[in-house]
Amino acid sequence: MRKIFCVTSRGKRSAIRRRYLRSLLWRQRKSQVRGATWRYSSLACRRGKVEFVRLPTPVTLSLNDPNARAELLRFLVKLRFVMLNGDGGALVDFRLTQAVHPSGTMLLFAEIDRIRRLIGNTREMRCRPAEDRIVDQVLEQTGVYERFSHFAAAAATDETVIHWRQATGVKVQGKDAGSMLDDCEGKLAPSIKSGLYRGVTEAMTNSVQHAYVGNRGDGITVGGEKRWWLFSEERDGFLSIVICDLGIGIPKSLPKQHTAVRRILSTFAADRADVEAIKLASELGKTSTSLQNRGKGLPEILDAARQSDEGSCIIFSNRGQFGFAAGKRAVENQFTGSIYGTLIVWRVPITEGLKDVE
Amino acid sequence: MSSKVIRVAEDFTRFPAGRYISDGRYSGQRFRQDFIVPALKSGDTVRIELDGALAYGSSFLEEAFGGLVRTEGFMPADLENRIVPVSADNLLVAEIREYLGLTVH
């Protein structure tokens, strides 16, 4: 791309741009990974005998802002392609990243962890640490750096960072969620604490039972683990808890055994289908088990943060985003790119002390 | 008339979660099979003390209690007198009664 901007004549610039786009198209056709649309060779560098592709991470790791989200998803497409298709390794460059939000950091962590588990030690995935001090400490504290070869960072010391916790598993492990909540003992209203525990464990149950019932939309069919990833972050008087799976997403799992749901969803335009699917799942009294009294999981997940006016719960699944922000303000969005999975973010105040919320 | 007492937090776990045994170690199915059913078979009434555990998700509760009727073949009318869920949280007790197929007071 640098070439394009060095040329002053507008006509020549257009010609070079057309050639560049044609080369991208050619590479995309060659690619097995859906959505890989960048120039591989321009990012390559060499370390010893291994050719590394340098992949700069986005400036902001977030799923809420459409631009930041699109940038993160593009980065993940490249990372999957390089690590699972190419011959060399990846050099993930965190130097430009300036801000980390729980949603974006969670997705990045889950994807990197998944890739690391898929490739084992057969391929090299290295990183350059972030220049921002807080971002650097968050990446260390949350175990992101740990997933890279040949890298050891200093332990986090900043007060805003040391309260990040992470866990991952393939079973419904209530103790992981419980330990995170026990860390906030005395700072969370009991009803919020129990609501969050129910919400997180139901999300784990959904992940184990429903999320991995088909191939993930990223085109990578290897693996087969029913894994979830969990984060908690305590900052500015709020506790954020994020859980994520990299499965087929609610919009694909919900209609699998419900012809009625499939019919309802087919009536929505494509640019609303994912958000309507999440909305529908949160209102249904039954899930794909088709049995009475089943399927309270998603409503329970949303209810976890409803007990506080300042609480929020947002569900991201594939291209959809659904839930409520502080003040019970409804959130419904559909983005253009899919996260290929489901990610839930709860945010509740931790300043209400021991008093319960009526 | 004999009575059995199950204290969930002490006898089972503080962190109950999941529906099936395949979901995890402290699932509703395991609680039903290893604790409730043997207690029902050996005693007339089973008092289940729920407080002390962090919380109970609907999957866990439905499988543990709803499974008694659906899978184990107990009749709701029989369970009404024999299962006594005890908690300071009335909503939790009402939810369990609903899964047992009983009228919620």
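The values are calculated or read from the model by the stated rules, or taken from the named source; none is laboratory data. As the structure is a computational prediction, the values presented were derived from the model and not from experiment. For neighbour counting, all protein chains shown are included, and Cβ atoms are generated from backbone atoms with ideal geometry for every residue, glycine included.
Tell me the helices (runs of 4 or more DSSP H) entirely within segment B:60-105 that contain at least 3 residues that are surrounded by 17 or more Cβ atoms within 10 Å (Cβ to Cβ). Break it down into steps so the answer makes sense when it comes.
Numbers: elements: B:67-70, B:76-82, B:90-99.
Where helices (runs of 4 or more DSSP H) fall fully within segment B:60-105 and carry at least 3 residues being surrounded by 17 or more Cβ atoms within 10 Å (Cβ to Cβ), they are B:67-70, B:90-99.
Between B:G28, B:G52, which is over 12 Å from the mean Cα position of the chain (by Cα), under 20 Å from B:V93 (Cα atoms) and within 14 Å of chain A (Cβ to nearest Cβ)?
Values: B:G28 fails: over 12 Å from the mean Cα position of the chain (by Cα).
Answer to the selection: B:G52.
Restricting segment B:36-45 to residues that are surrounded by fewer than 23 Cβ atoms within 10 Å (Cβ to Cβ) and touching a helix residue (DSSP H, G or I) at 6+ places or on another chain (Cβ under 7 Å), which is nearest to the other protein chains (Cβ to nearest Cβ)?
Here is the first cut: in segment B:36-45, the residues surrounded by fewer than 23 Cβ atoms within 10 Å (Cβ to Cβ) are B:37-45.
So of that shortlist, the ones also touching a helix residue (DSSP H, G or I) at 6+ places or on another chain (Cβ under 7 Å) come out as B:40, B:44-45.
On the way: B:L40: 20, B:D44: 27, B:T45: 24 Å.
It comes out as B:L40.
Exactly one condition in (1) away from chain A (no Cβ under 14 Å); (2) modelled with pLDDT of 95 or more; (3) more than 12 Å from the chain's Cα centre (by Cα) is not met by B:A17; state its number.
It fails just one condition, (1).
Here is a list: A:L196, A:L181, A:L265, A:L254. Which entry is at pLDDT below 90, in a helix (DSSP H, G or I) and surrounded by 20 or more Cβ atoms within 10 Å (Cβ to Cβ)? Step through it out loud before you land on a result.
Working: A:L196 fails: at pLDDT below 90; A:L181 fails: at pLDDT below 90; A:L265 fails: surrounded by 20 or more Cβ atoms within 10 Å (Cβ to Cβ).
Within the list A:L196, A:L181, A:L265, A:L254, the selection yields A:L254.
Residues being away from chain B (no Cβ under 14 Å) and either under 19 Å from A:M106 (Cβ atoms) or free of Cβ contacts under 8 Å to residues at least 40 places away in the same chain (or both): count how many of those fall in segment A:169-202. Spell out the reasoning first.
Filtering segment A:169-202 for residues away from chain B (no Cβ under 14 Å) gives A:186-187.
Checking the rest, the ones that are also either under 19 Å from A:M106 (Cβ atoms) or free of Cβ contacts under 8 Å to residues at least 40 places away in the same chain (or both) come to none.
Here the count works out to 0.
Do you know which of the residues in segment A:101-134 that are β-branched (V, I, T) and modelled with pLDDT of 95 or more is surrounded by the most Cβ atoms within 10 Å (Cβ to Cβ)? Step through it out loud before you land on a result.
Within segment A:101-134, the subset β-branched (V, I, T) is A:105, A:112, A:115, A:119, A:122, A:134.
The next check asks that each one be modelled with pLDDT of 95 or more; those that pass are A:105, A:112.
Details: A:T105: 26, A:I112: 23.
Here the answer is A:T105.
Quick one: how many residues across segment B:64-87 are within 14 Å of another protein chain (Cβ to nearest Cβ) and more than 13 Å from B:R97 (Cα to Cα)?
Count: 2.
Considering only segment A:129-150, how many residues are outside any helix (DSSP H, G or I) and of a type in the set (A, V, I, L, M)? If you could, list the steps in order and put the result at the bottom.
Residues of segment A:129-150 outside any helix (DSSP H, G or I): A:129-132, A:142-144, A:148-150.
Within this subset, residues satisfying the condition of being of a type in the set (A, V, I, L, M) are A:130, A:144.
Counting residues in segment A:129-150 that are outside any helix (DSSP H, G or I) and of a type in the set (A, V, I, L, M) gives 2.
Taking into account only those residues within segment B:1-35 that are part of a loop (DSSP other than H, G, I, E, B) and among the aliphatic types (A, V, I, L, M), which is surrounded by the most Cβ atoms within 10 Å (Cβ to Cβ)?
Taking the candidates together, the pick is B:A17.
Scan segment A:205-224 and give yes if some residue there is hydroxyl-bearing (S, T, Y), closer than 23 Å to A:Q334 by Cα and in a helix (DSSP H, G or I), otherwise no.
Restricting attention to segment A:205-224, the residues satisfying the condition of being hydroxyl-bearing (S, T, Y) are A:205, A:207, A:212, A:221.
Now narrow it down to the ones that are closer than 23 Å to A:Q334 by Cα: A:207, A:212.
Then drop every residue that is not in a helix (DSSP H, G or I), which leaves A:207.
Scanning segment A:205-224 turns up at least one residue that is hydroxyl-bearing (S, T, Y), closer than 23 Å to A:Q334 by Cα and in a helix (DSSP H, G or I).
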